[in-house]
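Student: I am attaching a structure below and will ask some questions about it afterwards.
The values are calculated or read from the model by the stated rules, or taken from the named source; none is laboratory data. Just so you know, these numbers come straight off a predicted model, no measurement behind them. Here the Cβ positions follow ideal geometry from the backbone for every residue, glycine too, while neighbour counts run over all protein chains shown.
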Amino acid sequence: MNKVEEKLSHCFALVFPKMDPSQRAIATTENTSGWDSIAQVTLLTLIGEEFAIDIDFEEFEGATSFAALASRINQITSGAS
Amino acid sequence: MRLGEALQIIRQTAGERQRQVHLLCGFTPLHLATFLSAYLRLRSPGDGVTLQTGLYGDLEGNIQRARQTSAEGAIAIIEWSDLDQRLGFRNASGWGTQTLDDIAEQTAEKCRRLESHTTKLAQNMPVVVVAPTLPLPPLTHMPPAQTSAFELRLNAALIEFLQRLCKHSGIKLLNASSLAMMSPLSARHDIKMDLLAGFPYTLAHADALAQLSVSCLFAPNPKKGLITDLDETLWKGILGDVGVEGVSWSLEAKAQAHALYQQVLASLADSGTLLAIASKNDATLVGASLQRPDMLLRPEQIFPVEAGWGVKSDAVGRILKAWSIAADSVVFVDDSPMELAEVAEKYPGIECLQFPSDDPAGVLALLQQLRVRFGKEEIREEDHLRVQSLRAAAQIEMESPIEASADFIGRLRAKVTLESSGSDSPRAFELANKTNQFNLNGMRYTEGEWKSRFRRPGAFLTTLAYEDRFGPLGRIAVVGGYKEVNRCLVDVWVMSCRAFSRHIEFQALRQLFAKSGASMITFLFRPTERNGPLQTFFRHFLSPESMVEGELHLPVAVFEKSCPHLFHEVVEK
């Protein structure tokens, strides 16, 4: 797990406390109970706080899995659009 | 607090006790609910919190529905869009001149309806009301630099509504100025989140609002006493060097910060806070200085004055003994870090605050701190009697220095007044929540819990007031519980330490047996670190081994066998 994934995993632990840690990396909105629109807003806000980035919610549209979120954060923090 | 921290706090394992609180608002509660839950958890460590939220866009209905529950309190947050949807950003039905007139009329009408529902809710539980925290949208033709008549009309309707609300017991209005100190107006609205998710606040504003709302709903118990130093604290200058006329506390002498401090202390004394002096000084000079006519504190507001050359902590110890209260109920103010450290080492519970003599901003911050520590919602008769009764207690001790003899008590011309109380007796609630030493079980209650205990069948609560030839003590004891067949179950029994040594505790039980007709009283007892005096009292009737947490049974025959002769005149109110 790289640093982005570690931090993201921490965010998942806070928003989905009942999720088995081993399942976080493969989590998607489809296989995660409670990952609804409210949880998505909470998760994205928390990501903004954790990574000190301004979250543009539209930019994260379609980021409905741990992997997609990690990929998008990597792009933002490395300066790519 | 950051959102991540709030989530972490909420996720911590809680005990069995669940505290139910309503968050009543018309927007999506989202992060505000998270922060509120976290601050509520911090307020009652170990307890779980269930935060009930309502329906989006229906503040009025949410308040109505909350009445059907038995929560411990409610926080009702009103934003402009709850008074009229057109005052929000998620509605677009026009801001023309005629529309504005209609908005103003609707707002006044909505305020009246909210008042009706909120006052009914406050009969069941304490309610914190938060007036609109967000700015109005740009809906008038006026340039933003100029206030419009429309805006004034809205504000007038709102202020009238809030004034009517704050007259009702059980309703607390959140202080808008305190909120503004924590959360500036320009940094409150998150328009993006408002439009996206119906949550209108920035994280910082949600955090500040949650913190302040919880403090307002469950205000901490105020501290009981303040001990102050004199030189460079109560006044500017060293008394021993400059003499009685040389110390100062005025604008002209560039010592106004000390005048402000004196002013706050005088105000605290008026509201029942105990004030004492601990100073390394010549006692005669101190006495003369305190008599100066321009002193803003009156000499009778201070008791005792400990002026001498011994160590500070010894003086503090004598003051605590005279007050008969624990160190953790006391704040000590001194300009010297060394003195503060010396006192803190001897009394770890005492809160030591430095008086920043040459720093007006620091003094202002200190004065605000003192208001936080000693703030109380209302001032009662007992608050005015407190210092007087402590002086009387000192007098009693001088006349009967060891254990008050029956003969001495007989000559007190003591009168005990009994009064049945309901859930609306704030004094009984205050005593139950702040008394430590003579306290049956150390239980603390929220207003909601206190109100709900009166709904149980057979519930009773009696307050006892006391006076003797040394003066009145006011209402100093509370005994409460539930009447059952042939016995009384007592779960609340507290008595102020000012009332010790007068056999009032014996009289309380004698009256309870007599009024209830019970042949036995069962106490729901729990030993605490502080309730030694209560345990000592129980040893008159019970063996030390039997005094473990749980039910203690006292038959009337056992009580009467060990009860001393009682001299009080007993009056029922």
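Student: Restricting the first residue to segment B:503-514 and requiring it to be under 13 Å from residue B:478 (Cβ atoms) and modelled with pLDDT under 95, which pairs with a second residue that is assigned to a helix (DSSP H, G or I) and not small (Gly, Ala, Ser) meet a Cβ separation below 8 Å and a spacing of at least six or different chains?
Tutor: Going by the 8 Å Cβ cut-off, the qualifying pairs are B:505/B:537.
Student: Looking at B:132, B:137, B:144, can you tell me which residue is buried (at least 17 other Cβ atoms within 10 Å of the Cβ), not hydrophobic (A, V, I, L, M, F, W, C) and not in a strand (DSSP E or B)?
Tutor: Matching residue, one of B:132, B:137, B:144: B:132.
Student: Now for a different question. Any residue in segment B:194-204 that is over 20 Å from the mean Cα position of the chain (by Cα), away from chain A (no Cβ under 14 Å) and either under 21 Å from residue B:54 (Cα atoms) or not polar (S, T, N, Q) (or both)?
Tutor: Looking for residues that are over 20 Å from the mean Cα position of the chain (by Cα), away from chain A (no Cβ under 14 Å) and either under 21 Å from residue B:54 (Cα atoms) or not polar (S, T, N, Q) (or both), one finds none in segment B:194-204, hence no.
Student: Moving on. Regarding residue B:172, is this residue closer than 27 Å to residue B:31 by Cβ, more than 14 Å from chain A (Cβ to nearest Cβ) and charged (D, E, K, R)?
Tutor: Criteria met by residue B:172.
Student: Can I ask one more? Report those helices (runs of 4 or more DSSP H) wholly inside segment B:1-67 carrying at least 2 residues which are more than 14 Å from chain A (Cβ to nearest Cβ) and surrounded by fewer than 21 Cβ atoms within 10 Å (Cβ to Cβ).
Tutor: Because the criterion is at least 2 residues that are more than 14 Å from chain A (Cβ to nearest Cβ) and surrounded by fewer than 21 Cβ atoms within 10 Å (Cβ to Cβ), the helices (runs of 4 or more DSSP H) in segment B:1-67 that meet it are B:30-43, B:59-66.
Student: Follow-up. Being basic (Lys, Arg) and under 30 Å from the mean Cα position of the chain (by Cα) narrows it down to one residue among B:321, B:280, B:236; which is it?
Tutor: So the residue among B:321, B:280, B:236 that is basic (Lys, Arg) and under 30 Å from the mean Cα position of the chain (by Cα) is B:321.
Student: Criterion first (within 14 Å of chain A (Cβ to nearest Cβ) and in contact with a helix residue (DSSP H, G or I) (Cβ under 8 Å, 6 or more places away or on another chain)) does residue B:179 satisfy it?
Tutor: no
Student: Turning to a different aspect of this structure: Based on what the data block shows, is residue A:39 in contact (Cβ under 8 Å) with a residue 24 or more places away in the chain, in contact with a Phe, Trp or Tyr (Cβ under 7 Å, 6 or more places away or on another chain) and of a type outside the set (Phe, Trp, Tyr)?
Tutor: Considered against the rule, which asks whether it is in contact (Cβ under 8 Å) with a residue 24 or more places away in the chain, in contact with a Phe, Trp or Tyr (Cβ under 7 Å, 6 or more places away or on another chain) and of a type outside the set (Phe, Trp, Tyr), residue A:39 comes out as no.
Student: If you don't mind, there's one more thing I want to ask. Restricting attention to segment A:5-23, which residues are away from chain B (no Cβ under 14 Å) and within 10 Å of the chain's Cα centre (by Cα)?
Tutor: A:5 - this is the single residue of segment A:5-23 that is away from chain B (no Cβ under 14 Å) and within 10 Å of the chain's Cα centre (by Cα).
Student: Let me spell it out: the conditions are (1) surrounded by fewer than 15 Cβ atoms within 10 Å (Cβ to Cβ); (2) without any contact (Cβ under 8 Å) to a residue 40 or more places away in the chain, and residue B:547 meets all of them except one. Which number is the exception?
Tutor: (1)
Student: Regarding residue B:376, is this residue at pLDDT below 85 and in contact with a Ser or Thr (Cβ under 8 Å, 6 or more places away or on another chain)?
Tutor: Answer is yes for this residue.
Student: Could you go through segment A:12-34 and let me know if any residue there is in contact with a helix residue (DSSP H, G or I) (Cβ under 6 Å, 6 or more places away or on another chain), modelled with pLDDT under 90 and assigned to a loop (DSSP other than H, G, I, E, B).
Tutor: no
Student: If you don't mind, another one. Out of (1) within 14 Å of chain B (Cβ to nearest Cβ); (2) within 25 Å of residue B:32 (Cα to Cα), what's the single condition that is false for residue A:63?
Tutor: Every condition holds for residue A:63 apart from (1).
Student: Condition (residue is among the basic types (Lys, Arg) and either within 14 Å of another protein chain (Cβ to nearest Cβ) or closer than 22 Å to residue B:448 by Cβ (or both)) applied to segment B:70-88: is it met by at least one residue?
Tutor: No, segment B:70-88 contains no residue that is among the basic types (Lys, Arg) and either within 14 Å of another protein chain (Cβ to nearest Cβ) or closer than 22 Å to residue B:448 by Cβ (or both).
Student: Let me ask you something else. Could you tell me how many of the residues in segment A:1-37 are within 19 Å of residue B:9 (Cβ to Cβ) and among the β-branched types (Val, Ile, Thr)?
Tutor: 1
Student: Which of the residues spanning segment B:39-80 are out of contact with any helix residue (DSSP H, G or I) (no Cβ under 8 Å at 6 or more places or on another chain) and of a type in the set (S, T, N, Q)?
Tutor: B:44, B:50, B:62, B:68, B:69
Student: Pick from segment A:35-49 the residues that are assigned to a helix (DSSP H, G or I) and more than 8 Å from chain B (Cβ to nearest Cβ): which of them is surrounded by the most Cβ atoms within 10 Å (Cβ to Cβ)?
Tutor: A:47
Student: Exactly one condition in (1) within 10 Å of chain B (Cβ to nearest Cβ); (2) farther than 30 Å from residue B:191 by Cα is not met by residue A:58; state its number.
Tutor: For residue A:58, the failing item is (2).
Student: Would you mention how many residues in segment B:75-95 are polar (S, T, N, Q), surrounded by fewer than 22 Cβ atoms within 10 Å (Cβ to Cβ) and not in a loop (DSSP other than H, G, I, E, B)?
Tutor: Within segment B:75-95, residues that are polar (S, T, N, Q), surrounded by fewer than 22 Cβ atoms within 10 Å (Cβ to Cβ) and not in a loop (DSSP other than H, G, I, E, B) number 1.
Student: Answer with yes or no whether residue B:267 is outside the structural domain of residue B:23 (by TED's automatic domain parsing), surrounded by fewer than 21 Cβ atoms within 10 Å (Cβ to Cβ), under 30 Å from residue B:446 (Cβ atoms) and at pLDDT 90 or above.
Tutor: Yes, satisfied.
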